[in-house]
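Some notes on the structure that comes next.
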Amino acid sequence: MAETIPADGVVVTRAESEIPPAGAIASGTTDSLPAFPYRAYVLFVSVLVGACSTLDRQILTMLVEPIRKEFELSDQQVGLITGLAFALVYVLAAIPAARLADRWSRRGVVALAVSAWSFMTVVCGFAQSFVQLFLARVGVGLGEAGGSAPIQALISDYFPQKQRGTALSIYLLGSPIGMGVGLAFGGWALAEYGWRWAFILAGVPGLIIGPLVYFTIREVRAGLADGVRQTFAQPPFGETIRTLWNIRTLPLMMLAATIQALIGMGMHAWIPAFVERSHGLGSVEIGAKLGLYVATGSILGHICGGPLADILGRRDIRWHLWTPIIAGLLAVSAAAFAFTGPVEYAFPLFGIQVFLTGLFAAPMIYICTTLAPVWARATSAACSMFIINLIGLGLGPVAIGKLSDLLRPSYGDESLRMALLCSLVVVIPAAICFLLASRTYKADFEAARIRLGQASLPAMGH
């Protein structure tokens with residue numbers, strides 16, 4: 001007998017002997033694609049998860065200066081708590097969390113993760129020293145490690161490929177919403193209640209969203225939205241990594257996105273401190289203006305990124321990887337003008353910079369979850385988050401802080417401005433990596449379509 005499985009309109013016939021052994025279906029898994037209204041609700045809750053994650057991560061950037069002064073920290077130490085404390089444990093736990101999600105329940109992992117990082121955000125407000133705050137931020141990173149990749153994989157299995165780019169763009173709106181709220185709320189809460197209560201209040205929403213995820217979102221089978229009608233036994237971790245590594249586009253794309261993240265994550269961790277030091281503005285004004293422009297730019301970038309990739313991809317799918325090259329060069333130009341020009345132009349320019357870098361967010365997740373086999377989607381997304389957060393969020397703020405400390409004898413309070421300007425040069429190696437990735441993208445995309453139809457696991461060791 002033979003079985004036919006539709007894969008984006010292409011019907012692939014395969015023999016029963018090609019079907020790999022089925023794995024156990026997670027408790028609560030639905031076997032048919034839910035109706036659109038429910039899928040829209042799942043997407044809405046996913047946006048809340050993303051917003052909560054970015055809020056709890058972003059709010060610290062508004063609290064840098066009072067924390068630095070209270071604990072008498074150097075810029076390098078500030079970089080450690082804003083970046084490395086979070087990112088180090090995040091990258092170590094992200095892939096195991098994704099593997100657990102692929103094997104057990106993505107819904108369950110996300111619910112636990114949201115509750116954990118929110119609780120640890122509250123704990124940050126009780127820190128009495130640099131070490132205690134560092135450890136609390138480690139806890140936030142440990143919680144957030146389980147949130148991003150599993151929810152991205154879940155969305156990919158709720159929405160077929162023709163809707164996936166738009167669905168992921170909508171999901172990514174949670175990040176700019178959380179960023180804008182985090183900046184504006186952080187500035188206000190800092191002025192009204194101090195930095196400790198800002199942390200405590202920021203952690204409350206996630207303690208509500210976590211249970212909401214667990215009790216209202218249903219698990220769906222991997223590959224359901226792509227027409228795959230079987231469940232999968234997970235291969236060993238090493239086999240999964242080898243499979244992803246052999247998809248030639250993925251390592252190059254992840255490296256390019258990681259280098260570019262130095263501009264985004266590393267730089268933006270320092271922007272509020274830069275504006276306060278170089279332009280003398282207060283926290284409320286910085287939070288309100290930066291939150292407005294950055295959130296607006298990021299929302300527009302995330303909204304436009306998916307549809308733009310779909311439109312350009314119909315002409316040539318390699319535009320998925322050419323677009324961030326052009327956008328990255330324009331984003332660096334906007335950031336350079338923001339760091340060197342009058343403060344009244346800095347905020348809108350930061351918004352433009354975030355808009356341009358946000359254009360690649362949805363295509364990146366699309367590439368990770370579409371090129372990877374359906375049984376490794378969460379792991380593929382986690383691998384990209386692993387390297388991006390390690391370098392961009394973990395080392396980026398630390399490197400900029402260290403450079404600022406080194407430049408302080410020569411530039412004084414302007415050392416941070418100079419360090420931020422120096423960081424912009426990373427756009428060049430990022431563009432080269434994106435270009436190299438585009439050379440193999442067409443072939444890898446076609447191979448993914450065939451693999452999706454065959455829905456077969458790699459050979460497993462015995």
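The values are calculated or read from the model by the stated rules, or taken from the named source; none is laboratory data. Worth saying up front: this structure is predicted, and the values here are computed from it rather than measured. We place every Cβ from the backbone using ideal geometry, glycine too, and count neighbours over all the protein chains shown. The area values use the complete protein model at the heavy-atom level, side chains included, leaving out ligands, DNA and RNA. Shrake-Rupley method; radii C 1.70, N 1.55, O 1.52, S 1.80 Å.
Rounding to the nearest 20 debye, state how big the charge dipole of the chain is about its Cα centre with +1 on each Lys and Arg Cβ and -1 on each Asp and Glu Cβ.
Dipole magnitude for the chain comes out near 680 debye.
Can you give the angle from 0 to 90° between the axis of helix 283-315 and the longest principal axis of the chain, with both taken from C-alpha atoms, to the nearest 10?
On a 0 to 90 degree scale, this one is about 30.
When we measure straight from the Cα of Lys442, which lysines land under 22 angstrom away, once same-chain ones fewer than 8 places off are left out?
Cross-link targets: Lys162.
Mind pulling the angle between the C-alpha long axis of helix 130-144 and the longest principal axis of the chain? Nearest 10 degrees, somewhere in 0 to 90.
Taking the Cα atoms of the chain, the angle to 130-144 is about 20 degrees.
When the accessible area of segment 295-378 is computed with all protein chains present and a 1.4 Å probe, what percentage of it is carbon and sulfur? Present the calculation step by step, with values, prior to reporting the outcome.
On the way: 2120 of 2910 Å².
Looking at segment 295-378 in its full context, I get 73 percent from C and S.
Can you match mean projected area of the Cα convex hull in nm² to one of these, [x] 28.1; [y] 24.4; [z] 20.7, based on a calculation from the structure here?
[z]
Would you list which lysines come within 20 Å of Lys402, measuring only between C-alpha atoms, while excluding same-chain residues fewer than 8 positions from it?
Lys69
Using a 1.4 Å probe on the protein heavy atoms, what percent of the accessible area of segment 81-225 belongs to carbon and sulfur?
74
Between the helical axis of 85-103 and the dominant principal axis of the chain, each derived from Cα atoms, what acute angle in degrees is found, rounded to the nearest 10?
20
Quick one: net charge of Ile365's neighbours, Cβ under 12 Å, K/R +1, D/E -1?
My count for the surroundings of Ile365 gives +2.
As I understand it, the dipole of the chain uses +1 on the Cβ of Lys and Arg and -1 on the Cβ of Asp and Glu, about the Cα centre. Which of Val398, Phe215, Phe237 lies farthest toward its positive end?
So the residue furthest toward the plus end is Phe237.
When only the heavy atoms of the protein chains count and the probe is 1.4 Å, how do Tyr38, Tyr411 rank by accessible area, highest first?
Largest accessible area first, the list is Tyr411, Tyr38.
Under a 1.4 Å probe, what is the accessible area of segment 92-199 per residue, stated in Å²?
Per-residue accessible area for segment 92-199 comes out at 33 Å².
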